[in-house]
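The values are calculated or read from the model by the stated rules, or taken from the named source; none is laboratory data. Keep in mind that this is a model prediction, so the values were computed, not measured. Cβ atoms come from the backbone with ideal geometry, glycine included; neighbour counts cover every protein chain shown.
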Ligand code: ATP
């Protein structure tokens, strides 16, 4: 209203000035400057942020918990909490205070947003979402205003859609809810967090619209304890990376709408994708379909899924081709990795290739036998041996190493430090941080040298195999684990 009156008044003054013959140039400049300032502050601040009004979920986008794979225990825990909302009459009769906030913690892409959306369908709620960074502004007070706005938007949307419940989902909540006093522009952050606490404290069971705040973070350690205390976000649901069974479920969910050939073995793919999140698996199924389409096929074959794993891990194939000498070196390097991988754990090579992808000129992919969460010293030493094997194979065949191994060394060093940190080095249980630098260096070198000697001896004994496999690899560009093993067997037999 005020805006309209001032606009009208301004226009009238302008016309009046013109009719009596004033020079209005300074006035026009002033007006333009004021307008720009208003636009900067308010359009960035409140009016056009889209906070809380962009994501009200239309009916067709509703999803149910059945569409989320591999998160059985997280879903069970979440449903238990949501039943407080569904059974609000009983809750009220027993005098139980309303559930105000649920925080979901876990790595990116594990389905936290999906869970919040499914929670909205489960409780017949309006769904409004925003990201923590949407609240962060350099202008003091804007974040707090945005917090109040999203609560209002949720209430209004519920009334409009004639619903009794609304869920506000805040992704990356750690951005606005870090421990108070820690941010450089902390006054603004603190005000935003305080506004959220005030809004949450004001929620009551007999409100016209019952609001539930769901938040997601992968840095719960950074959160202000005031937010996590009972009465605020007092439920924590852990959403972890899926295990093998979970990965299979997710792969099935994302292949439902795709024509799969008989050859596709999703269990095998689930076995090979340890460490993949739901988002990775969704992308994997999608990439497999794209590869089939590029070949003009009507069905997706197993090899497409297999190749899609490489793509998801390493990135798109590059046109960049190393020169023939470099390519030979890459082939020897990858064969070296594969050779030791088979020695350490027969059947562990999944594929090796000299195709450039992402930052790598070639790569060897291992096949995790089963999901592993604990590692023995033997296992870690074998991993170090596999990492060093690329450079040592180059040395045996070409008499020198190349820069292609620097990434391998980094991983090997890190693994050696893990051995020390876990109390498995010769000096027993120690604090890695408190170890003098030179002792740490000596211990790491000892671990690496021991493996280097072992690998070197094996490489020398297999020099012919390295060069003959290099030829096959250069010709085929990629060989599967099975092919590699049969090459190795025939060499051993010979
Ligand atoms: P972030 O922490 O990065 O915000 P998130 O945990 O919220 O990630 P989502 O946004 O829910 O992850 O997931 C991204 C996409 O990955 C989903 O749209 C879906 O396609 C797929 N996805 C992730 N987890 C699962 C799952 N458990 N089941 C099925 N699909 C999943």
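All of (1) outside the structural domain of residue 101 (by TED's automatic domain parsing); (2) away from the ligand (no atom under 14 Å from the Cβ); (3) in contact with a helix residue (DSSP H, G or I) (Cβ under 8 Å, 6 or more places away or on another chain); (4) not in a loop (DSSP other than H, G, I, E, B) hold for residue 213 with one exception: (1). Could you check, for the range 133-140, whether at least one of its residues is within 16 Å of the ligand (Cβ to nearest atom), touching a residue at least 60 places away in the same chain (Cβ under 8 Å) and within 21 Å of residue 64 (Cβ to Cβ)? No; the residues of the range 133-140 include none that is within 16 Å of the ligand (Cβ to nearest atom), touching a residue at least 60 places away in the same chain (Cβ under 8 Å) and within 21 Å of residue 64 (Cβ to Cβ). Scanning the range 92-102 turns up no residue that is more than 13 Å from residue 211 (Cβ to Cβ), assigned to a helix (DSSP H, G or I), in contact with a helix residue (DSSP H, G or I) (Cβ under 6 Å, 6 or more places away or on another chain) and in contact (Cβ under 8 Å) with a residue 24 or more places away in the chain. Is it the case that some residue within the range 173-187 is within 16 Å of the ligand (Cβ to nearest atom), crowded, with 21+ Cβ neighbours inside 10 Å, assigned to a loop (DSSP other than H, G, I, E, B) and at pLDDT below 85? Yes: one or more hits. Identify all residues within the range 76-117 that are out of contact with any strand residue (DSSP E or B) (no Cβ under 8 Å at 6 or more places or on another chain) and either outside the structural domain of residue 131 (by TED's automatic domain parsing) or near the ligand (Cβ under 9 Å from one of its atoms) (or both); write none if there are none. Across the range 76-117, the qualifying residues are 107, 108, 109, 110, 111, 114. Just one of the listed residues (262, 268) is away from the ligand (no atom under 16 Å from the Cβ) and either in a loop (DSSP other than H, G, I, E, B) or surrounded by 20 or more Cβ atoms within 10 Å (Cβ to Cβ) (or both), namely 262. When restricted to residues that are away from the ligand (no atom under 11 Å from the Cβ) and at pLDDT 95 or above, the range 243-254 contains 1. Among residues of the range 216-242 being within 16 Å of the ligand (Cβ to nearest atom) and part of a strand (DSSP E or B), the one that is farthest from residue 199 (Cα to Cα) is 238. Here residue 129 qualifies as part of a strand (DSSP E or B) and either within 13 Å of the ligand (Cβ to nearest atom) or within 16 Å of residue 193 (Cβ to Cβ) (or both). Within the set 239, 198, 209, the sole residue that is crowded, with 19+ Cβ neighbours inside 10 Å and either at negative phi or without any contact (Cβ under 8 Å) to a residue 60 or more places away in the chain (or both) turns out to be 239. Tell me which helices (runs of 4 or more DSSP H) are completely within the range 278-358 and hold 2 or more residues being away from the ligand (no atom under 16 Å from the Cβ), at pLDDT 95 or above and closer than 30 Å to residue 452 by Cα, or say none if there are none. Counting at least 2 such residues, we get 324-344.
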